[in-house]
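Notes follow once the structure below has been shown.
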Protein chains: 2
Amino acid sequence: MSARQILIVEDERPIREMIAFGLRRAGFEVIEAEDSRAARARIADRRPDLLLVDWMLPDVSGLELTRALKKDKDTRDVPIILLTARAEEQDKISGLDGGADDYVTKPFSPRELLARINAVLRRTGSTSPDEVVEAGGLALDVAGHRVTVGEQTVPLGPTEYRLLSFFMTHPERVYTRSQLLDRVWGGNVYVEERTVDVHIRRLRKALEAFGCDQFIQTVRGAGYRFSTRPV
Amino acid sequence: MSARQILIVEDERPIREMIAFGLRRAGFEVIEAEDSRAARARIADRRPDLLLVDWMLPDVSGLELTRALKKDKDTRDVPIILLTARAEEQDKISGLDGGADDYVTKPFSPRELLARINAVLRRTGSTSPDEVVEAGGLALDVAGHRVTVGEQTVPLGPTEYRLLSFFMTHPERVYTRSQLLDRVWGGNVYVEERTVDVHIRRLRKALEAFGCDQFIQTVRGAGYRFSTRPV
DNA sequence: GGCGCGAGTCACGCGTCCGTCACAATGCGC
DNA sequence: GCGCATTGTGACGGACGCGTGACTCGCGCC
């Protein structure tokens, strides 16, 4: 369908943002929640592909959240990775009992986390195979983390890729600069809105060589839109 | 789409005014209150779009105010951002429990505050599903922010789009120039009423190419109407 | 350490759109 | 038919939004 969406449920903002940052760099779409209640709301409206749940949460413990989600048939299939502090190591077992698909002990290296996320996605991926989104000659290869035209790969920087990837999975819809910053850059980053313009420009330039730059459309006074239909 | 109204509830006047200054610069309309009681009065008569509430207030704490407002069905939907000093950090959680939509710790950068305000407004304001309004061959694509006839897009400027968009969602009804200025331009702009005529003219011209200009009808002495039925 | 790359910001230029005006055209009451 | 009120229309000045190239800074790599 798109770049994989990962929901981070973690109450400590700095940790949450650090993880989110790493995952976005790795090409995931990241959603954040600070407690179980918020997590349930995000799950309902964003349907993430994987959950990273901190063991210690302000309202309900991560374990309880896991148990609850694994009981609900709507959320049963969403893989869950639990984050636990080392001191709580003994609880791992009950974590897996609760239905979590894996666990990672803090502190962990981003690389380790990524490896586990990919492992879990691969394992559960049989139900939702790596998809390829096509639009106007462009092919978004999520697994390969690239965009191709025919046999050629479009050379894109990380941000350009995330931007195009987001657009291709959300076509025919206008997004304001603010919304794009939220969904592509991540909710808690503070950059100028005009930064979006610059990356749009770079993306267009990259697509130009393949004759696909007209798909990125400017909607004056509103924002940008990805559309294969003429302006 | 008028400017968003933000109510600042903060007892220290210098801080309040500084925040207000920044928000006004960013295009918001700002209302101020120095305590909970005043806040409730302003909410009742001004109906702000968002509340910035300081944690420490002279009468009732910001948290209590938040709880109270979130219980009242009239004010439940107004998003609230709590301002807390760093020393009170542990209270964040109960702040969110109380129903606040976000929190910002002092000291904060104006940019961060703006980003959070926008994020909250976006989250609470854009829950509408993709809708398409059809009328007389015209299709208003709200999400895509455009109007199409068949496969073709009607080329419209921002104001023309807003005007047509308003008409298509409020058809078969006469609106005076004054009402149109209110609903399409936004309540607090001062422009000549005849400006409406000019934009009606431009809109008609844009629709003419598609044979749809007769839908915009003049009602002499009253105003304009969008109707797919013949005059 | 030097290097290149990419991200974010800025300043400038240009095109588009907006609000206003003046004048033409049209409708309405007498 | 006449005169007044109301609306249509074209033009214009200015503002604003966006595209664009250049710059700086931080980071990873050799």
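The values are calculated or read from the model by the stated rules, or taken from the named source; none is laboratory data. Everything numeric here is computed off the predicted structure, so don't read it as measured data. Ideal geometry is used to build each Cβ from the backbone, glycine not excepted, and the neighbour counts take in all protein chains shown. Heavy atoms of the whole protein, side chains included, go into the accessibility calculation; ligands, DNA and RNA do not. Shrake-Rupley method; radii C 1.70, N 1.55, O 1.52, S 1.80 Å.
In nm, what does the list of distances from A:Glu193 to its counterparts in the other copies look like, shortest first, when each label sits 7 Å along Cα to Cβ?
Its label point is 3.2 nm from the equivalent points in the other copies.
Return the sequence-ordered ³J(HN,Hα) values of segment A:4-21 in whole Hz as given by the Karplus equation 6.51 cos²θ - 1.76 cosθ + 1.60 applied to θ = phi - 60°, using x for Gly and Pro.
5, 9, 10, 9, 9, 10, 7, 7, 7, 4, x, 5, 4, 5, 5, 4, 4, 4
Give me the one-decimal nm value for the distance between modelled label points at B:Glu134 and A:Lys205, 7 Å along each residue's Cα-to-Cβ direction.
Distance between the two pseudo-spin positions: 4.4 nm.
Per residue of A:220-227, what is the mean number of Cβ atoms on other protein chains within 10 angstrom of that residue's Cβ?
Rounded to a whole number, the mean comes out at 3.
Please list the non-local residues whose amide H lies under 5 Å from the amide H of A:Val154, H modeled 1.01 Å from N, same-chain partners needing a gap of 5 or more.
Close amide H contacts, sequence-distant or interchain: A:Val147, A:Thr148, A:Val149.
Once you have the Cα-Cα distance between B:Arg173 and B:Met56, take 0.36 nm times their residue separation minus that, and quote the gain in nm to one decimal.
Working: separation 117, 0.36 × 117 = 42.12 nm, distance 4.95 nm.
Here the segment from B:Arg173 to B:Met56 would lengthen by 37.2 nm.
If the chain between A:Glu193 and A:Val149 were fully stretched, how many nm would it gain, using 0.36 nm times the residue separation less the Cα-Cα distance?
12.9 nm
Mind jotting down the distance between the C-alpha centroids of segment B:182-203 and segment B:1-80, whole Å?
First find each Cα centre; the distance between them is then 31 Å.
Run the label-point distances for A:Gly22 please: 7 Å along Cα to Cβ, every other copy, nanometres, shortest first.
3.1
Ordered shortest first, which distances in nm separate the 7 Å Cα→C-beta label point of B:Ala44 from those of the other copies?
Those label-point separations list as 3.2 nm.
What does the highest-first list of B:19-25, A:171-177, A:31-37 look like by mean Cβ count within 10 Å?
The densest-packed peptide leads the list: A:31-37, A:171-177, B:19-25.
Please calculate the 1.4 Å probe accessible area of A:Arg42, with all protein chains present, and give it to the nearest 10 Å².
Looks like 40 Å² after rounding.
State to the nearest 20 debye the size of the charge dipole of segment B:15-84 about its Cα centre, where the only charges are +1 on K and R beta carbons and -1 on D and E beta carbons.
It comes to approximately 220 debye.
Can you list the residues of segment B:147-181 with backbone N under 13 Å from a point 7 Å past the Cα of A:Ala222, pointing along Cα to Cβ?
B:147-149, B:153-166
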